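The values are calculated or read from the model by the stated rules, or taken from the named source; none is laboratory data. Worth saying up front: this structure is predicted, and the values here are computed from it rather than measured. Cβ sites come from the backbone with ideal geometry, for glycine too, and all protein chains shown count toward neighbours. For the accessible areas, the whole protein counts, side chains as well, though only heavy atoms, and no ligand, DNA or RNA atoms are used. Shrake-Rupley method; radii C 1.70, N 1.55, O 1.52, S 1.80 Å.
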Amino acid sequence: MILILAVTCAVAVGNIYFPQAIGPLVAAGLHVSPDSAAAVVTATQIGYTAGMVLLVPLGDRLPHRSFLVVLFALTGLALLAAGCAPALPALIAASTLVGLTTVGAQIVGPLVAGLVAADRQGAVIGTLLSGSTGGMLLARTFSGTLGEWLGWRAPYLVAAVLALLLATVLVFAVPTTTPSSRQPYTALLAEPLRLLRTEPDLRRSCFYQATVFAGFSAVWTCLALLLAGPAYGLGAQAVGMIALVGAATMVCTPLAGRLVDRYGPDPVNLACMLGVLVSAAILTIGARGGALGLTALTLGTLLLDAAMQSGMVANQVRVYALRVDARSRLNTAYMTCAYLGGSAGSWLGVRVWSQAGWWGVCVLVALLAALALARHLLALYKFEESPARTRVADRGAPGRRRTLRRTPRHPLPRTGPRPAPWRPPP
């Protein structure tokens, strides 16, 4: 079932990214300008953002199996409509519906968190995130190759068949679950904002991911500008080859999930933030150009991708543990903040690039990671100094504190033969 759900995440996420590779083919096939054809990608992303806000909270109100089946069936129909669109306006409208309904990956996460034991959630969430990463990477290659062979409509039609086939498989693969909430739809829509206000761990998880994802987006937005500039003089294919290195995160995320299960989310978050700082230092070498610079860009982006994705696993495990009856609403708040951070990072990255070049972008990434690290260290300090965990050690040293140690309520069972009971002498 975990394998099927990982494929589900891959197909759902792939539907967002595969139109990016066939924009020129759409422009040529519908006889429009490339700038106009780029609106298809924008419409898909706008629809996906709306789906996270409007549909993902329903994961707490509806049975997961029925909800997933309906979503993938609607996605398949929308993809069919896009593949048969006679003109660009119809394609844009169908693409918006594709983005709106292809939010299955955001439903699968809360579903799995409620099915597996608490000590395995990290490993399973890491596996699902590997599926999402694989879908993002493979979808671009798949659609570009298929579009070159059979035209721009072929990727949409094949994706439609995959979505409808997966909807049929999910009918038998996903177990029956009971909805955790009976609130009306309007209350569900307002719940993510209330959770952000009342749950401190949700706020800090959102802050961690928003800052790290902002640095991630800034790097990838400006990387194409660096490679196309005078230092390298390369084209878009070089960016694609470096992006394929991100496939290594498909191995890193399950490992990060196991570490979260063993040590908790906080140590993994700390390691990821330090990894982002190290990646920013490595990426600065990329400004030199040449083979050394290209190697630094490859290693730096690989470390940045692994740190960002591993941190997402740790944050999602922390978020899902806050309220077992509101996991979909918690995920809505978390993912919305993460995507807003990514959008802000892209905007900031372009402006910093225009003023300070690649060095400025690397400094921006380091500053964002430093903000997340400072917030994380403050949270750890408050946790260690909380009254529930510390007490005065002794009267002679009233200022010294130590961690409370729990002792078992009952003594440990004896091993070996028991001694004979004591009896008074006759």
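Inspect all residues belonging to the range 48-64 and state whether any of them is more than 22 Å from Met136 (Cβ to Cβ) and either free of Cβ contacts under 8 Å to residues at least 60 places away in the same chain or among the β-branched types (Val, Ile, Thr) (or both). No - not one qualifying residue is present in the range 48-64.
Here Pro413 meets each of (1) out of contact with any Ser or Thr (no Cβ under 9 Å at 6 or more places or on another chain); (2) at pLDDT 50 or above with one exception, condition (2).
Please go through the range 59-94 and pick out each residue that is in a helix (DSSP H, G or I), among the aliphatic types (A, V, I, L, M), open to solvent by 30 Å² or more (accessible area, probe 1.4 Å) and in contact with a Leu (Cβ under 9 Å, 6 or more places away or on another chain). Across the range 59-94, the qualifying residues are Val69, Val70, Ala73, Leu74, Leu77, Leu80, Ala81. Could we say that Gly342 is in a helix (DSSP H, G or I), touching a residue at least 12 places away in the same chain (Cβ under 8 Å) and either among the aromatic types (Phe, Trp, Tyr) or on the phi < 0 side of the Ramachandran plot (or both) here? Yes.
As a summary of the residue check, Gln209 satisfies the conditions (1) of a type outside the set (Val, Ile, Thr); (2) open to solvent by 60 Å² or more (accessible area, probe 1.4 Å); (3) under 29 Å from Leu297 (Cβ atoms); (4) assigned to a helix (DSSP H, G or I) except for the one numbered (2). Within the range 341-359, is there a residue that is modelled with pLDDT of 90 or more, surrounded by fewer than 17 Cβ atoms within 10 Å (Cβ to Cβ) and within 22 Å of Pro265 (Cβ to Cβ)? No, the conditions are met nowhere in the range 341-359.
Could you tell me which residue of the range 29-40 is nearest to Trp149 (Cα to Cα), considering only residues that are in a helix (DSSP H, G or I) and free of Cβ contacts under 8 Å to residues at least 24 places away in the same chain? Let's see the steps before the verdict.
So in the range 29-40, the residues in a helix (DSSP H, G or I) come out as 29-30, 34-37, 39-40.
This time we only want the ones that are free of Cβ contacts under 8 Å to residues at least 24 places away in the same chain, so: 34-35.
Values: Pro34: 20, Asp35: 23 Å.
Filtering first and then ranking leaves Pro34.
Just one of the numbered conditions (1) open to solvent by 10 Å² or more (accessible area, probe 1.4 Å); (2) assigned to a helix (DSSP H, G or I) is not true of Leu195: (1).
Which of the residues belonging to the range 183-206 are touching a residue at least 24 places away in the same chain (Cβ under 8 Å) and either under 20 Å from Leu80 (Cβ atoms) or among the basic types (Lys, Arg) (or both)? Listed by number, the list holds a single entry, Arg204. Of a type in the set (Val, Ile, Thr), out of contact with any Ser or Thr (no Cβ under 9 Å at 6 or more places or on another chain) and either outside any helix (DSSP H, G or I) or crowded, with 16+ Cβ neighbours inside 10 Å (or both): does that describe Thr221? Judged against the criteria, Thr221 is not a match. The set of residues from the range 274-289 being surrounded by fewer than 24 Cβ atoms within 10 Å (Cβ to Cβ) and either closer than 15 Å to Ala369 by Cβ or free of Cβ contacts under 8 Å to residues at least 40 places away in the same chain (or both) comprises Leu274, Gly275, Leu277, Val278, Ala281, Ile282, Thr284, Ile285. Tell me yes or no: at least one residue of the range 97-110 is surrounded by fewer than 24 Cβ atoms within 10 Å (Cβ to Cβ), at positive phi and in contact (Cβ under 8 Å) with a residue 40 or more places away in the chain. No, every residue in the range 97-110 fails to be surrounded by fewer than 24 Cβ atoms within 10 Å (Cβ to Cβ), at positive phi and in contact (Cβ under 8 Å) with a residue 40 or more places away in the chain.
With the structure loaded, tell me whether Thr133 is open to solvent by 10 Å² or more (accessible area, probe 1.4 Å) and β-branched (Val, Ile, Thr) or whether it fails that test.
It is false that Thr133 is open to solvent by 10 Å² or more (accessible area, probe 1.4 Å) and β-branched (Val, Ile, Thr).
Residues to consider are Ala113, Ala118, Ala123; find the one that is surrounded by 20 or more Cβ atoms within 10 Å (Cβ to Cβ), in contact with an Asp or Glu (Cβ under 9 Å, 6 or more places away or on another chain) and under 23 Å from Asn269 (Cα atoms).
None of the other options fit; the residue is Ala123.
Determine if the range 174-182 includes at least one residue that is touching a residue at least 12 places away in the same chain (Cβ under 8 Å), part of a helix (DSSP H, G or I) and on the phi < 0 side of the Ramachandran plot. Within the range 174-182, not a single residue is touching a residue at least 12 places away in the same chain (Cβ under 8 Å), part of a helix (DSSP H, G or I) and on the phi < 0 side of the Ramachandran plot. For Arg203, are the conditions met, namely being closer than 26 Å to Val260 by Cα, at pLDDT below 90 and open to solvent by 40 Å² or more (accessible area, probe 1.4 Å)? Considered against the rule, which asks whether it is closer than 26 Å to Val260 by Cα, at pLDDT below 90 and open to solvent by 40 Å² or more (accessible area, probe 1.4 Å), Arg203 comes out as no.
Determine which member of the set Leu80, Leu88, Leu100 is of a type outside the set (D, E, K, R) and closer than 21 Å to Thr336 by Cα.
Unique residue meeting the criteria: Leu100.
Considering the range 21-69, and only residues there that are polar (S, T, N, Q) and modelled with pLDDT under 85, the residue that is farthest from the chain's Cα centre (by Cα) turns out to be Ser33.
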